[in-house]
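J.: Here it is: the structure, laid out below.
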Amino acid sequence: MLLTQRILELMKMSINIKDIRRVVIKVGSSTLTGKAGANLDPKAIDDLVDVVAKLKSSNKEVIVVSSGAIAAGLAPLGLTARPSDLTSQQAAASVGQGLLMARYTQSFNRFKITTSQILITLEDITKETHVANIKGVLNSLLKQGVVPIINENDTVGTEEIKYGDNDGLAARVTKLINADLLVLITDIDGLYDANPSTPGAKQINLVSDISKIDTSSLGGAGSAGVGSGGMITKIEAAKVVTSAGIGMLLTRISDLTSALDGKQVGTYFLPNS
Ligand code: GLU
């Protein structure tokens with residue numbers, strides 16, 4: 001590697017929050033449900049909202065991409081675990097989406113921050129008129145100080161239920177609205193060079209060349225059994241944003257503030273120059 005290239009890389013190694021104007025934060029079902037799995041954990045939502053409020057108070061624009069609709073819909077339907085068939089999952093999401101938004105609204109109210117609900121599918125992002133509308137609405141909401149909360153429209157879209165838990169959706173939204181950073185909240189403290197339960201697995205703080213990541217040994221969906229993502233969909237998301245010149249951070253909620261302060265926690269994927 002050329003020396004100048006290496007110097008440039010070192011300069012970009014951690015996040016400089018001052019340079020960040022617009023950030024997308026994605027949180028998955030297993031983070032929002034804690035250990036119980038079948039119910040929203042109000043504390044997890046409050047913890048996330050606390051960080052978002054802090055970012056807003058320093059004039060950052062924040063968009064939240066949140067799963068949790070299926071998980072929130074389980075208990076009202078008398079279910080204790082995520083159903084295996086797609087239609088029942090979509091029905092649970094339909095019950096849970098309103099409950100999820102109610103919980104966010106309540107939590108953001110503590111800071112007098114207005115939220116909005118946006119439901120889209122990955123397919124919408126391939127349609128020119130839909131993209132223009134999504135961009136227009138998001139920009140208008142951000143200008144008015146609102147925190148938009150995006151989820152997949154689960155009744156019509158099934159991609160993220162099947163294998164994304166909104167990782168792919170978050171990456172595409174980040175690119176579409178020219179955000180400066182995508183944050184994917186995970187249950188573990190970052191990316192490891194092997195499945196983290198393997199003895200000797202080491203955490204990776206910085207990824208400068210995503211093509212070198214060996215995805216074959218990485219973990220699957222979240223620990224509570226209510227999500228559908230995993231490390232592989234997170235790496236795919238990183239490919240989408242970094243190739244568009246946007247950095248991506250993988251971190252636990254509890255480490256998010258430190259990571260945004262430039263500390264070496266979580267895993268930061270450098271944008272391609
Ligand atoms: N849209 C889904 C939800 O809110 C996300 C996908 C998933 O959880 O697998 O639950």
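A short reminder: the numbers here are calculations on the coordinates, not readings from a lab. Please read all numbers here as calculations on a predicted model, not as lab measurements. Note that we place each Cβ from the backbone using ideal geometry, even for glycine, and neighbour counts take in every protein chain shown.
J.: Counting only residues 5 or more places away or on other chains, whose amide H sits under 5 Å from the amide H of L206 once H atoms are built in the peptide plane?
T.: Residues meeting the criterion, in which the H sits 1.01 Å from N, are Y268.
J.: How long is segment 8-158 along each principal axis, judged by its Cα atoms, biggest number first, in Å?
T.: 50, 38, 35
J.: Using 19 Å as the Cα-Cα cut-off, could you pick out the over-long pairs in K175/K234; K26/K54; K56/K143; K43/K143; K43/K162; K18/K54?
T.: Working: K175/K234 15 Å; K26/K54 16 Å; K56/K143 12 Å; K43/K143 28 Å; K43/K162 27 Å; K18/K54 14 Å.
Those over the limit are K43/K143; K43/K162.
J.: First select every other residue whose beta carbon is under 12 angstrom from the beta carbon of D261; then total the charges, Lys and Arg +1, Asp and Glu -1.
T.: Summing Lys and Arg as +1 and Asp and Glu as -1 gives +2.
J.: Can you list which of the trypsin sites (Lys or Arg not before Pro) found in segment 81-123 are DSSP loop residues with at most 14 other C-beta atoms within 10 Å?
T.: Numbers: sites: R103, R110, K112; in loops: R110, K112.
Here the sparse-neighbourhood loop sites are R110, K112.
J.: Suppose only helical runs count, i.e. DSSP H with n ≥ 4. What mean residue ellipticity at 222 nm does that imply for the chain under -39500 (n - 2.57) per run, divided by all residues and rounded to the nearest 500 deg cm²/dmol?
T.: Mean residue ellipticity at 222 nm (helix-derived): -12500 deg cm²/dmol.
J.: Take every Cα-Cα pair in segment 44-90 and report what % of them are more than 12 Å apart.
T.: 70 percent
J.: How about segment 13-97: which trypsin sites (Lys or Arg not before Pro) there lie in a loop by DSSP and see at most 16 other Cβ atoms within 10 Å?
T.: Sites meeting the loop and neighbour criteria: R21, K35.
J.: How many percent of DSSP beta bridges within the chain run antiparallel, rounded to 5?
T.: 15 percent
J.: A further question on this structure: Using 5 Å bins from zero, what percent of all Cα-Cα pairs in segment 135-271 falls into each bin?
T.: P(r) over segment 135-271, rounded to whole percents: 2, 10, 18, 21, 22, 15, 7, 3, 1, 0.
J.: Further question: Which value in Å does the Kirkwood hydrodynamic radius of the chain take, with 1/r averaged over all unlike C-alpha pairs and then inverted? Working shown, then result.
T.: Numbers: mean 1/r = 0.0535 Å⁻¹.
Result for the chain stands at 18.7 Å.
J.: While we're on this one: Kindly provide the trypsin sites (Lys or Arg not before Pro) of segment 116-218 that DSSP labels as loop, not H, G, I, E or B, and whose Cβ sees at most 16 other Cβ atoms within 10 Å.
T.: Those satisfying the criteria are K127, K202.
J.: Quote the Stokes-Einstein diffusion coefficient, in whole µm² s⁻¹, for segment 106-206, based on the Kirkwood radius over alpha carbon pairs, a temperature of 25 °C and a viscosity of 0.890 mPa s.
T.: The Stokes-Einstein estimate is 155 µm²/s.
J.: Reachable aspartates and glutamates from K112, Cα under 20 Å, same-chain residues fewer than 8 places away excluded?
T.: D46, D47, D50, E61
J.: Output ³J(HN,Hα) for segment 247-260: one whole-Hz value per residue in order, computed from phi by the Karplus curve 6.51 cos²θ - 1.76 cosθ + 1.60 with θ = phi - 60°, and x for Gly and Pro.
T.: Coupling constants for segment 247-260: x, 9, 10, 10, 7, 7, 4, 5, 9, 4, 4, 4, 4, 6 Hz.
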